Structures are given as structure tokens and as C-alpha cells.
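Reviewing the structure listed below.
All of the numbers you see were taken from the coordinates with simple rules; none came from a lab. Given the structure is predicted, the values throughout are model-derived calculations rather than measurements. Neighbour counts are summed over all protein chains in view; Cβ atoms, including those assigned to glycine, are modelled from backbone coordinates with ideal geometry.
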Amino acid sequence: MLLSLPMIMQVVTNGLCMGLTYVLMALGFTVVFGIMGVVNYAHGEFYMLGAFLCLTFMTLGAPYPLALALAVIAVACLGALLERYLVDRFRSDLRTCMIVCLGLSTVFKNSALVLWGAQDRSLPFRIDSVLSIGSLIFPADRLVVVAASVALLVGFNLFLKRTRQGLAIRAMAQDVEVASAFGVRPSSVLPLAFAISAGLAAVAGGLISPVFSLSYDMGSFPLMKSFIVVILGGLGSIPGALVAGVIIGLAESFASTMFGGSVSDIIGFVITGVVLILKPSGLFGKSSRLG
Amino acid sequence: MTKERTLSPKRSSVWPVIGLGGILLLVPSLVGDEFYIHTAIMVYLNIIGATGLNMIMKTGRLSLAQAGFVSVGAYSSALLALRLGLPFPVTFLGAGVIASALAFAVGAVILRLQGVYFLLITYCLGETVRLVFTNGVNVFGGANGISGIPGAVIDLPWLATPIEISSKQGFYYLTLIVAIVVVVFTILLYSSHVGRAFQAISEAEGLTECLGIDTTRYKVAAFALAGFFSGLQGALFAHYFRFIAPQFFGFWESVDLVVMNVVGGVNTYLGPIIGSLVLTPLPELLRGYVDYQRILYGVILILAVAFMPGGIAVALSGCRLPSKPRRFRRGGAVESE
């Protein structure tokens, strides 16, 4: 197969677009895991809800950016409530917590089926234009996803590093007991962290919704990807999630262009399996902190 | 080993099970409706797999790859029967052996991973197996799967006429017998020194190692045995349905087995059995509310673990779980429990 420069750029753009979506998903997943030790199986449903709420707000007349913002806020609030009143009660036991999250996932997925129907939907909003620089052509919708993701990642990092709430979250991730002793309240920080996690998933869903179609089970695929990304990068590691997400996105994009879809489905698992065997705690080691 | 007596199963808890087995033998002649017999077969199939998974959970691990091993068993048995024309008893045991060999090989590597890492890698493993079957169009039939799998014909040298099992009634007995053998074997295993080693590993892996017990060996053994049972489950599934496809063995099928254990009760002999018994027919019972079926299923799951923390088996026996000290985990590092 002949790979020309425009083609490589196309593949890289696609890879980055998917990879950064994975990063957004994986970040939320890893934040919740890093702080609470909760493997959140309902994470994919936040992604799905982000996309569908975006659709609903748009049908109510909101323009896309406003609809996206509203959807994200709604999902974040839902996340905070779930943490406060449900997940928090179970977080001391991994198994029980897993079942609760699976139960939640089933409830959300099938509620979406009832509310929005079984048919694939698409957002009444598309970015059809392309950006061409010389012989290189970039589809604008994917560039928007890339740019927005990068902006969010920078913002998220600043939040964690520069604000008091961010500090509290990082302290919690290191040691819940000691952080509590220093006056960090788990009852306010944990719901906040969960809300941010859900919000990030909703942003990913909302951002990708103009590019792909929407269906009630759209959350399972990115959930699977965020598992892989998080394992590859190292659980609880934010730089790990970033690097691993981009690696997986690019690897899949190249694999699907050169070898077809079936190879690209498997490649993430293969990379992760090999890395885990060589380095069981993932690329970015067993860092117990977020950051 | 002074705790030996308290850890072995009480005689009184074994005999009612055997008695119940006797009653179960009569069910197909009492119940006319084939639908109930079908549900019972599914329950028995799940008991086989859930009991296998229980063994892994006994060593403090949680596997999301079990449906993968079930599918390996199903495909092995189907291909051995269709391509090589081997008789059912051979393909049936072969399926168990192949699934078990895969579990052994993979387990030796991945069981070095701790806690959640192990959980997530088994998830990757299950998905990889499914994708291999989906993409292997030439050998495995791809997404269309394999059809035309023969029923179970048991032709043993000492039998006058071969037993041909193709009806629901026939499979009822076959799956029941396999389930009973698996459960009895597991109970015997748990009450032996192996079972005590499993228990010790789940409670304090490091300490067990200090006692001179090779924990990796026991963990790999548990994983391989679970793989064997899953393989048997898969073989029965393939010959009962006569048709298999990758989508029968996805993530949620693995999750169902975990849920059966947790809802039934992980630390009891009856846990996986009760879990299968309650959860397999549950979607059918909810069928009257077809739109809300899966939603109710999710709600019931959450309520079950919220109000019966040790599982149904513990709730039924009326005893309280010893309260565990609440451990605060350091971020990232999660105990295997």
C-alpha cells in the first residue's frame, strides 16, 4: 500500500480525533478510579447521555455549543448525585461497587432506549467544510474535536494543578484518610470528582456526536477503549491516559487504513497485552497520585 | 490446620442438595411446558460456568473473560464434531481441555497482575477471543458463526445402543448431570487442602506465600479449572442450540456470571447456584414489561447488593457477615478483595 503525505496526514488527523476522545473518556475513568478505587462501568453511559442530551437540547432550539454545554452540565450534576447517594455507599467493596455500576449502566442504556428509541439518530448539526493547506486536506469536524479536546485537557490540568478543589482532589487520590485529617471533606470532593468525570465523558460524547450517529448502546465502545487506554497508561495516571489514548487512536487509525477494520479492533488489545506483560502496571507506572 | 473442621462443609448442607437433585430428575416428566425445561437447561449451564468462576473468586480474583472460555469450548466442540467427526463425549471433554489449556497458558502470565489490573486484562482477553472468532471467517465462520452442529450422541463401548440426546428433555438430564458433577467436585475440592489454600490466598495473599504455599500455582490451577468448566458449558451450549456465533459470548455474558456469584453469594457453596437460579429466569419473568425489562433488571441488581451484601445465600441463612474493617485505599493500589 502506497502511503502519501496527504494520506498520512489524514490518518493522523483521524487517529488524533479518536485518540483524544479516548483520552477524555479515560481521564474521567481514571480520576474516579484514582480517588475512589471505583471501576465505573457506567462511564460509557455518561458519554451516551452527553450525546443524546445534546440532541434533545438542539431539538428544543438551542444552538450546538449551548446544547453541548447544557448537556455536559446536566450529566455532571447526574454524576454528582449518583456519587453522593448511591456509589459512595458501596465504594469500600470492589465487587459490590462493580455490580452497582453495571446496574446503573443497564438502567441508563435501556432508559435511553425507551426515551430516544432504538433507531440510530444523528445530530441536526454538521461541519462539512474542509481545511486545506497546500495538498493537505483536513476535515473540519475532526479538527474541531481535536482542538476542543486539547483545550479541555489543558483546562483540566490547570484545574487540578492551580485550584483549591484540584488540590483537594489530588490529595484525596493520594490518601483519603490523611486528606480528611487535613480538612478535605470527602462528602464534597468525591461528588465533585465524579461530576467532573461524568462531565468529561459527556463532553466526549457531545463532541463526537456531529461526526458519528447516535444510538442507545453507543457507550459500550468508548467504555471499552477507556479501559484499554487506562490499563495501557497505568491506572490513576493522567499523563499515562493522555499518551496511551493518543497511541491507541493513532495505532487504530493506521491499522484500519492499512489492514482493515478487523485488525484495528484487535490492535489496542494486543498493544496493551504486550505492554502489561513487560510492565504490569502500565506505561506510566504505579503512580498513586493524579497529576 | 486446626481450622480444618470449621472449614469443611457440614453434612447437613450436602444432603438436602442431593435430595433436591433427586426431585430435579423428575421435573421434565412433571412439567409439560418446554419453555420451563429450556429455562432450566440455561440455569444448569450457568451453574457450571458460575461455579467455575466462583473458584477464581475464591482466590480473590475476578475474571471478565469467562464468556471467552465458554466460547472457546463451544467452538472447539463444534469444530471437532463437524470437521473431524469426533463423537460427543470426546468433543465435550476436548472442549474442556482446550479451554483449560488456554486458561492455563494465559493465566500463568496474567495472574501476576494484581486486583483491578487483572480484572481489566481479563476483560481485554474476553474481547480479544470474541474478536478472533468474529474475524476468523474461514475457520470460525465470522459473525455468522457455525450452524448445523449435531446433537449429543453418547456412544460408549459398554452401552448396548448409543444414547441420542437431541430433545429438550434429553439435554435437561445431560446438563443437570454435568452441573451436579461440577458442583460436587467443587464442594469436595473446597473442603480439601486446596480449598483452604484458595481461601487463604483470598484473605491474605502475602501471608499465605510466607507460609510456604506457592500462591501462583493455586491461582493458575483455579483459573485453569474454571476454564475447564467454562469449556464444558460451551460444549453443552453448542450442541444444545446447534448454532453458535460470537455475539452469544460477549462482555455481558461474562458479567452475568460475575453477577450470579455476587448476588448469590461468593463465599458460600450455594451462592453461584442460587445466583444462577434467580438471575437466569429473571429477564423472562420481567418479559411482561418488555420495554422496562432491562431497566428493572438493573434496579434489581442494585437493590440486591444494597440489601443483601453477602449475597442471597447469606441473607437466607440469616447469619451476619463479620464486619470488615473499612479500608481506605490509596489511590491506584487496590486490594485484591
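Some points to look at:
- All-pairs alpha carbon distance profile, the protein assembly as shown, 10 Å steps from 0, percent: 3, 15, 26, 26, 18, 8, 3, 0, 0
- Here the Kirkwood formula puts the hydrodynamic radius of region B:34-188 at 17.0 Å, using every distinct Cα pair.
- Here region B:200-324 yields Rg over Rh of 1.04, to two decimals, using C-alpha coordinates and the Kirkwood radius.
- Cα convex hull of chain B - mean projected area over all directions, nm²: 19.3 nm²
- Rounded to the nearest 20 debye, dipole of the protein assembly as shown from Cβ charges on Lys, Arg, Asp, Glu: 1540 debye
- log10 of Debye I(q)/I(0), alpha-carbon scatterers only, for region A:167-263 at 0.10, 0.23 Å⁻¹: -0.40, -1.28
- Panel note: the C-alpha atoms of region B:28-99, placed on their principal axes, show extents of 40, 37, 16 Å (largest first).
- Computed from the alpha carbon positions, the gyration tensor of region A:1-142 leads to an equivalent ellipsoid with semi-axes of 34, 21, 13 Å, biggest first.
- Viscosity 0.692 mPa s, 37 °C: Kirkwood-radius Stokes-Einstein D of region B:203-255 over Cα pairs, µm²/s: 241 µm²/s
- Calculated [222 nm] ellipticity per residue, helices only, for chain B: -22000 deg cm²/dmol; basis is -39500 (n - 2.57) per DSSP H run with n ≥ 4, divided by all residues, nearest 500.
- Size of region A:65-221 from its Cα atoms: along the principal axes, largest to smallest, the extents are 59, 40, 26 Å.
- Förster-model FRET efficiency, 35 Å R0, residue A:115 and residue B:27, C-beta, rounded to 0.05: 0.30
- Shape call, region B:113-232: gyration tensor on alpha carbons, a/c limit 1.5: oblate
- Placing dummy labels 7 Å off each Cα toward the beta-carbon, the span from residue A:178 to residue B:90 is 6.4 nm.
- Centre separation in Å (Cα based) which lies between region B:131-189 and region B:18-59: 15 Å
- Oblate is the label for region A:112-175. Its Cα gyration tensor axes, ordered a ≥ b ≥ c, give a/c of at least 1.5 and b/c at or above a/b.
- Electrostatic tally near residue B:38: other residues with Cβ closer than 15 Å to its Cβ, Lys and Arg +1, Asp and Glu -1, net 0.
- Taking 7 Å steps out from each Cα toward its Cβ at residue B:104 and residue B:185 produces label points 1.4 nm apart.
- All other residues whose Cβ lies under 13 angstrom from that of residue B:226 are scored, Lys and Arg at +1 and Asp and Glu at -1, for a net of +3.
- Restricting region B:217-257 to trypsin sites (Lys or Arg not before Pro) in coil, as DSSP defines it, with at most 15 other Cβ within 10 Å: B:242
- A simple count of charges around residue A:113, restricted to other residues whose Cβ falls under 9 Å of its Cβ and scoring Lys, Arg +1 and Asp, Glu -1, yields 0.
- Share of pairwise Cα-Cα distances greater than 30 Å in chain A is 30 percent (whole percent).
- Sparse-neighbourhood loop sites, chymotrypsin sites (Phe, Trp or Tyr not before Pro) in region B:178-266 - DSSP loop, at most 10 other Cβ within 10 angstrom: none
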